[in-house]
Amino acid sequence: MKRLLLFTLTLLVAVAVEAKPKWHEQYRYDRFKVAERSCTVVHPTTTPNGRWIVRPAFLGAFPSVDDALLAKGFTVAYCDVTHAYANPRAVADFEEFYHTMRERYGLRERFIIEGFSRGGFFALTYAIQHPEQIEKIYVDAPVCDLKSWPSPQEAKLYAEAVRLWEEAGASFEEHHDYPIRHFHRIVEAGIPVIVCYGEADEIVPYEENFGRIAAQYGRRIKQIGKPACGHHPHSLDNPKRIVRFLK
């Protein structure tokens, strides 16, 4: 119950930030749907360089990295699979979005995938299944085990995750820690990964999630631990370390 209350309060913060990203009035937006999922493309005002970064959740929340990359000519894109828990149907929809983006905007074959919290579960899952599409991975406080968040104690969210996986014809029990068990595919593909996390995160505890990946592959991953930081804020106020890694 404590973890659910903390998550509810911090989600309200994220939603408030999402509603008004600081670059909201500065760039041109395209909005459309792919497979009935809402998609948004934010166009740079500088000369586009063909590179792109995509969020699967929480467009505009804690946007310091997106803002910096937009200023460097990156396209920022979004396909809303926030509440899909990376079930196979959502992954297929996201792949359709990928092909739509390349055909419509002529973007590079590989993109950066960026995931915060539950978006991190999707980002890692998609990269594992489609490493040929991924240039780099940036995740912050990523969920890596759906039994850590949403845990069985958070009954409504947990039941939703189970239902979506089963409706997509897959076993939740076999996939709840999918990014942890299959991260070796990202390593084998040579995809650079950067992760930020709050060292005091009680909602998506590092030790139960990305810490289990870092225990095996830590030397191959750029990690930024934020002392005395909980689940929020995501990213960094000064994103230079992340941007240098991604650009």
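The values are calculated or read from the model by the stated rules, or taken from the named source; none is laboratory data. Keep in mind the model is a prediction, meaning the values are calculated, not measured. Glycine gets a Cβ as well: all are built from the backbone with ideal geometry, and neighbour counts include every protein chain shown.
Taken over the range 198-207, the criterion of being touching a Cys at 6+ places or on another chain (Cβ under 8 Å) and buried (at least 16 other Cβ atoms within 10 Å of the Cβ) is satisfied by Gly198, Asp201.
Within the range 40-62, being without any contact (Cβ under 8 Å) to a residue 60 or more places away in the chain, closer than 21 Å to Arg110 by Cα and under 18 Å from the mean Cα position of the chain (by Cα) holds for Thr40, Val42, Leu59.
Per-residue answers, yes or no, for (1) surrounded by fewer than 24 Cβ atoms within 10 Å (Cβ to Cβ); (2) not in a loop (DSSP other than H, G, I, E, B):
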residue: Phe97; (1), (2): yes, yes
residue: Glu109; (1), (2): yes, no
residue: Ile113; (1), (2): no, yes
residue: Phe121; (1), (2): no, yes
residue: Ile128; (1), (2): yes, yes
residue: Tyr138; (1), (2): no, yes
residue: Cys144; (1), (2): no, no
residue: Ser148; (1), (2): yes, no
residue: Ala159; (1), (2): yes, yes
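Within the set Arg181, Arg212, Arg219, Arg185, the sole residue that is free of Cβ contacts under 8 Å to residues at least 12 places away in the same chain and either crowded, with 17+ Cβ neighbours inside 10 Å or closer than 24 Å to Gln133 by Cβ (or both) turns out to be Arg181. When Ile203 is tested against (1) at pLDDT below 95; (2) outside any helix (DSSP H, G or I), only condition (1) is not met. Within the range 168-200, being in a loop (DSSP other than H, G, I, E, B), under 18 Å from Ile224 (Cβ atoms) and in contact with a Lys or Arg (Cβ under 7 Å, 6 or more places away or on another chain) holds for Ile191, Pro192, Glu199.
Would it be correct to say that Leu12 is at pLDDT below 85 and not polar (S, T, N, Q)? The answer is yes for Leu12. Scanning the range 215-230 for residues that are in a helix (DSSP H, G or I) and either within 12 Å of Arg241 (Cβ to Cβ) or among the small types (Gly, Ala, Ser) (or both) yields Ala215, Gly218. When you check Asp93 against the structure, is it modelled with pLDDT under 95 and acidic (Asp, Glu), yes or no? For Asp93, the condition - modelled with pLDDT under 95 and acidic (Asp, Glu) - is not met.
Leu59 meets each of the listed conditions (1) closer than 14 Å to Lys247 by Cβ; (2) assigned to a loop (DSSP other than H, G, I, E, B) apart from (1). Kindly check whether there is at least one residue in the range 225-242 that is out of contact with any helix residue (DSSP H, G or I) (no Cβ under 6 Å at 6 or more places or on another chain), among the β-branched types (Val, Ile, Thr) and surrounded by 16 or more Cβ atoms within 10 Å (Cβ to Cβ). Looking for residues that are out of contact with any helix residue (DSSP H, G or I) (no Cβ under 6 Å at 6 or more places or on another chain), among the β-branched types (Val, Ile, Thr) and surrounded by 16 or more Cβ atoms within 10 Å (Cβ to Cβ), one finds none in the range 225-242, hence no. Filtered by the rule that a residue be without any contact (Cβ under 8 Å) to a residue 12 or more places away in the chain and either more than 17 Å from Gln129 (Cα to Cα) or of a type in the set (Phe, Trp, Tyr) (or both), the range 160-178 gives Val162, Arg163, Glu166, Glu173.
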